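Report on one structure; see the data block that follows.
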Amino acid sequence: MKLPSSVLLVLSAGLASAEPTAAEISRQGREHGSLNLVGLQAELRLTTRSKEGREKVQVVRSASRMVQGRSASLARFLEPAGVAGVAVLSLAGAAGEVSLYLPKLRKVRRVAAGERAKSFMDTDFSYADLGSAGARDADVRKLADEKVDGREAWVVAGMAEEASPYGNVKVWVDKQTWVPLKAE
C-alpha cells in the first residue's frame, strides 16, 4: 500500500519532533556542561554572599576539550589577587580525577575522593561540581519540563555517579543549547 505524500509528511514531522530520552538529555547535558563547554572557553563570576550580606566576588576562566576520549576541563582563577592563578583540572571518567594547582607553592595536588564534597575555594561549589559527575544514565528519569530564567528546560533526575559525593542529582537542561542551567 502506498501512502499519500501528505500522510508521509505528517509522519516524518512527528518523528522529527520526538522528545529525547532521559539518558540522552543526561549525556548531552554532561557533554555541554556549564563548566564543561567542550572546545569553548567561559569566564564566570562567582558571587558568594554571607549571612550578614557581605559579597565576595571571584572570577574564573573555564575551558574544556576532549583528550583521549575523555572530557578535560580547566578552571583558573583570575580574581581576586589572593587566589589568582589557582587552577583546577577535572578529568571525566570512572575515577573522576580532580587536581589542584597552587601557584604560590608551585605544586599540583590531587584532590582525594573523600574531599570532593568539600567547598571549593570558599564558594558554594564543591570540587565535584567542577567535574562532570552527574546522574548515571541508566538510572536517570525525565520529569516535567520547566522554565529556568525564562528558558525552556528538560528536567532529569537520578542516582549520582560513583565519583560524586551526592546521592541524587536533579538537572535542568536548556532545550536549545543542551547546557545545564541549574542543578540540585
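Every read-out reported here was derived from the displayed coordinates using simple, explicitly stated rules and does not represent laboratory data. Bear in mind the structure is a predicted one, so any value in this text is a computation, not a measurement. For neighbour counting, all protein chains shown are included, and Cβ atoms are generated from backbone atoms with ideal geometry for every residue, glycine included.
Numbers below:
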item	result
Total formal charge among the other residues, if their Cβ is under 9 angstrom from that of Trp154, Lys/Arg +1 and Asp/Glu -1	-3
Spin-label model distance (nm) - Glu19 vs Arg61, 7 Å beyond Cα toward Cβ	4.1 nm
Rough spin-label spacing in nm, given labels placed 7 Å along Cα→Cβ, for Ser99 and Glu52	3.9 nm
